1. Test each condition in (1) open to solvent by 30 Å² or more (accessible area, probe 1.4 Å); (2) in contact with a strand residue (DSSP E or B) (Cβ under 6 Å, 6 or more places away or on another chain); (3) within 30 Å of Val69 (Cα to Cα) for Arg265 and report the one that comes out false.
2. Need a quick list: strands (runs of 3 or more DSSP E) entirely within the range 130-196 having at least 3 residues that are within 30 Å of His249 (Cα to Cα) and of a type outside the set (Asp, Glu).
3. Only one residue in Ala104, Ala92 is closer than 15 Å to Pro197 by Cβ, at pLDDT 95 or above and assigned to a strand (DSSP E or B), so which one is that?
4. Among the candidates Gly183, Gly179, Gly216, single out the residue that is under 30 Å from Ser145 (Cα atoms), under 20 Å from the mean Cα position of the chain (by Cα), small (Gly, Ala, Ser) and open to solvent by 20 Å² or more (accessible area, probe 1.4 Å).
5. I'd like to check something: does the range 110-127 contain any residue that is more than 22 Å from Pro197 (Cβ to Cβ) and part of a strand (DSSP E or B)?
6. Residues that are small (Gly, Ala, Ser): which strands (runs of 3 or more DSSP E) entirely in the range 236-306 hold 3 or more of them?
7. Residue under question is Thr66, and the condition is that it be assigned to a loop (DSSP other than H, G, I, E, B), open to solvent by less than 30 Å² (accessible area, probe 1.4 Å) and among the β-branched types (Val, Ile, Thr); does it hold?
8. Does Ala77 count as of a type in the set (Gly, Ala, Ser) and under 17 Å from the mean Cα position of the chain (by Cα)?
Amino acid sequence: MKSPLLSLPGAVPAEGVDEGVAAHYGDLFREQRALADGTGFVDLSHRGVVTVTGEDRLSWLHLLLTQHVSDLPVGEATEALVLSAHGHIEHALYLVDDGTTVWAHVEPGTQEALLAYLESMKFFYRVEVADRTADFAVVNLPAGSIAEVPEGVVVRETAYGRDLFLPRADLESFAAEYGPAAGLLAHEALRVEHHRPRVGFETDHRTIPHELGWIGTAVHLQKGCYRGQETVARVQNLGKPPRRLVFLHLDGSEVHLPVHGTEIRLADEGPDGRKIGFVTTSVRHHELGPIALALVKRNVPLDARLVAGETAAAQEVVVEP
């Protein structure tokens, strides 16, 4: 859905999966600094919004998700995954329960597939699931923001800021009061800085939660059965994941950032060396310069000099080998 905030001065539309909101409003670093200082907001209205209502909503979701949510306190934010039968990541849900309804936002365009799966698992449980994307828009107030949330708006508060499930009709009036708006690129730069994975960026068709550091934050190891749990338990108890998420400092002299999927090699092996990973997200940060997240093979030495395409890269550990 195209956001009305694309009509704000300086708005440059995002592309690809994030189409529909602004990539930036003319000054990427100013927008990043504003968010880092706890001011402004980010329009995430392109994200899908899903709700679950009914008496059994929490106990039912507990059976389907990787997170322990059967006793989720009202107003407490959490995140959870939906895995395939083989333990591969299919969906990430960012959740909060308001006492009568579980609200979740998900990656743009994925809500239909998620709802189809949830509907197929309802059986005799007293639950109703709904796609509320047309009615509600997600906006993010950054960490440190002292802005007061509009009355009646459901809030999901985390260490990284507050996600608001705002009536879509109120987006323009919200922007006028809570601005200035910051674009998605500023939001993504802070996400990369904090090593936070995103489905469709840090994941491919075979990614498992251990590779991205989602154990503990989105995967609870002491809960009952869910689809894909056998893989999670086996890797946790008997082995190591084949890949690991790393944070990269990129050579700042390069004009172009390595795009998603750019192959990573060991610098010592030269341009014809074997592929040992790929870039998942690359951004320009207002303080750190060009940085990225990447997936590399687990056994890549921690002190190895890397090359992303033609760009030199130094790694920091996110997931221990």
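The values are calculated or read from the model by the stated rules, or taken from the named source; none is laboratory data. This one's a predicted model, so the numbers in the text were calculated from it and none came from an experiment. So basically every Cβ, Gly included, is an ideal-geometry build from the backbone, and we count neighbours across all protein chains shown. Surface accessibility is based on the protein's heavy atoms, side chains included, excluding ligands, DNA and RNA. Shrake-Rupley method; radii C 1.70, N 1.55, O 1.52, S 1.80 Å.
1. (3)
2. 136-142
3. Ala92
4. Gly216
5. No: zero hits.
6. 289-297
7. yes
8. It is true that Ala77 is of a type in the set (Gly, Ala, Ser) and under 17 Å from the mean Cα position of the chain (by Cα).
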